[in-house]
Amino acid sequence: MYILAEMKDVVHVKPWYFDQDLLNVIEDELNKKFANKIIYQLGLCVALFDIKDIGDSSVLPGVYVSLSFFDDIFIPASNLQKPSRFDEKEQLFIWQYDTGESVHDLYIDIGEEIRFRVVNEIFVDTTPTGPPKKNDSNILGTSSVAQSKEETKCPYTIIGSINEPAMITLLRCKVINHRNVTKVLTCSKYNFTTSNCVRNESEGESVIKKSDYYDIVVCGGGMVGAAMTLALGQDNIFKNLKIAMIDTAPEKKDYDSPEIHNYRVCALSPSTIELLKRVGSWDFITQHRHGDVHNMHVWDGSSDAFISFKNEEGSNLAWIVENDLILASLNRNLSNFDNVKVFYSNKIQSFDQNEQSVDLKLKDDCSIRTKLLIGSDGGESFIRKQANLDVTKWDYDQTAIVSTLKLANKGPNFTAWQRFLSTGPIALLPLNDEYSSLVWSIKKNLAKELLSISDSEFVHRVNEAFVKEDFKSDLGTGIENLVQNGLDLMRNVLPNGNNLISDHETTVRLLPPKIESCGPRGSFPLSFLHSSNYVTKRLALIGDSVHKIHPLAGQGVNLGFGDVISLHECLRENVLSGTEIGSWHFLKQYEARRQREVFPKMVGIDALNKLYTDYDYGGAFIKTPLVALRTIGLTISNRVLPLKNIFAQQAMK
């Protein structure tokens, strides 16, 4: 017997079929894929019976070329010579070649021989799949609809480029068609005649209005989430995509700098500054205020060992900026883009993932469907938990106390100070010539006391923490002298030793400025968190939702902004490849790149914190060798210049 099975698929209509009847082309493509083939959970498909519905199409400009024996070669418009434009009348791309005296229109004619470079290859498993089982909920809309593994038809596609100034490895080919509009038609429902006796029951399909569809949704309107949304919105590659950001906070129209700096600040790295410049936020920050870090001085509270950094190229090691100012600089630009919408005072209540999309239910009962959900909702990420992604985490049993401190003596203030105490590190970050920002990571029981005492007593404790002798070891002092003498000997003996090891006399430890008064105090708990996966189907995590580290190296938010940079790059590659946004291949690329970058830093920072942590057991038996080990490490790192440069470069990333 024969039955009708309702299925769903996406059909790629090549440009050279545009002049033919659309229904005939779609029928041919569907029969090529399914007719006379055995489909999993369905059986033998005999032939297409009818087409019930045709959905929307997506657009991507570019040029198709042929090697005679292979035609699935696509050169996106972004990979054509610059500048290029599409002539609607001629239906051809034109390279506007500038000779310096005049501009000439050079047509890329059909049949013209060109040379191109292969920049990417796309492999797609086009094995068709049948309808899911009755209880299979991993499907879009209705369980009676079968899904193909990919939304593209061609099993192997080459992505080329002719926008290279010097191409060595070239392939010669002929232009066979121009594509200013590619129709990728979604046949929402069609019937196939099959020889299987299994019939799937029809179930109700959730209706998502077209206005409630977004290509990309960012969950979380903090600094990292806002930067991600803005990076996508301002990039012309994504101008035809609808982007949404869901923020639990209300919209803030204006920003007024408070007279005294807010105590929540970030030490921004050069790569983060480049991101803020690219999205148009840095100018707003410079119009208000930020602190400049030219030097960095770090020392051990239990010995005389220290390490100092200075950017020899004259630029900053870091910039100290208030969190509120960073966020305001990002939010003010979000309304500049027509394809970006922000849902303020809202949150995701639930979401359902499948291979094709993510369906979101918001607090205000609004339903949204998206091709890619980006989670940036903090360390207690609802998105990560609902996606069931495993994490490695632990509590440091420390609290970070933050405050804005007024210096006793007004003057040049460009040095960041950090001292490792047995109870946790204390850091002083420059804001201007009169104020600095405090970040004191200390054991929880001691933090409670520091938060409860008077301002004057707190200032006294801070000044004391930077100068008072911590646990002191004679062994540590002796080892430091031994290491210094050994380095002096190597400097004199080794060829080119002066360029490898710095002079001992020039490495003098300095002391931080004295504090006069403090502003309000705040605090937050410290913990370690790392997700085993950064992505899953149609979902990517960025910022604290995927990793949290100790603030001692000032890398927390910079790692989050690094996620933004990396994911933005991968999504650009995704769009330029011609594949659907949120493609698994490009999400995995993002995960691999960031894990290689982030995890070693997290392990190193965690190990550094543990190395300087005061153990409650063992007494001097444990502390003395640890102090000796730290002394050796800091002394060598400070004087061996190649090693010191590596640390400086890592600190600036």
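Derivation of every value follows stated rules applied to the coordinates shown; laboratory data play no part. Treat the numbers as computed from the prediction; the structure is a model and nothing was measured. FYI the Cβ positions are ideal-geometry reconstructions off the backbone, even for glycines, and counts take in every protein chain you see.
Amide H to amide H, with H built 1.01 Å from N, residue 292 comes under 5 Å of 320, counting only residues 5 or more places away or on other chains.
Over 31 Å between Cα atoms, which of 443/514; 310/385; 361/601; 277/588 qualify?
Details: 443/514 24 Å; 310/385 42 Å; 361/601 36 Å; 277/588 27 Å.
From 443/514; 310/385; 361/601; 277/588, over 31 Å: 310/385; 361/601.
Centre-to-centre separation between the Cα atoms of the range 549-585 and those of the range 390-469: 32 Å. Projecting the Cα atoms of 609, 267, 340 onto the charge dipole of the range 215-651 (Cβ charges, centred on the Cα centre) puts 340 farthest toward the positive pole. For residue 391, the residues 5 or more places off, or on other chains, whose built amide H falls under 5 Å of its own are 532. Taking Cα centre as origin and charging only the Cβ of basic (Lys, Arg, +1) and acidic (Asp, Glu, -1) residues, the dipole magnitude of the range 215-651 rounds to 600 debye. Neighbour counts of C-beta atoms inside 10 Å place 518, 266 in the sequence 518, 266, starting with the fewest.
Put in line by how crowded their Cβ is, counting other Cβ atoms within 10 Å and starting with the fewest, 289, 538 read 289, 538. Projected label points at residue 44 and residue 392, each 7 Å from Cα along the beta carbon direction, are separated by 5.3 nanometres. Can you sort 598, 391 by how many other beta carbons sit within 10 Å, fewest first? In increasing order of surrounding Cβ atoms, one gets 391, 598. Under a 5 Å amide H cut-off, with hydrogens placed 1.01 Å from N, residue 46 pairs with 36, 193, 194, 195 among residues at least 5 apart or on other chains. Couplings 3J(HN,Hα) for the range 298-306, derived from phi with the Karplus relation 6.51 cos²θ - 1.76 cosθ + 1.60 (θ = phi - 60°), are 10, 8, 8, x, 10, 7, 8, 6, 7 Hz, where x marks Gly and Pro. Quick one: grab the alpha carbon gyration tensor of the range 215-651, order the square roots of its eigenvalues as a ≥ b ≥ c, and give me rounded if a/c is under 1.5, else prolate or oblate depending on whether a/b is larger than b/c. Prolate shape, in that a/c is at least 1.5 and a/b is the bigger ratio.
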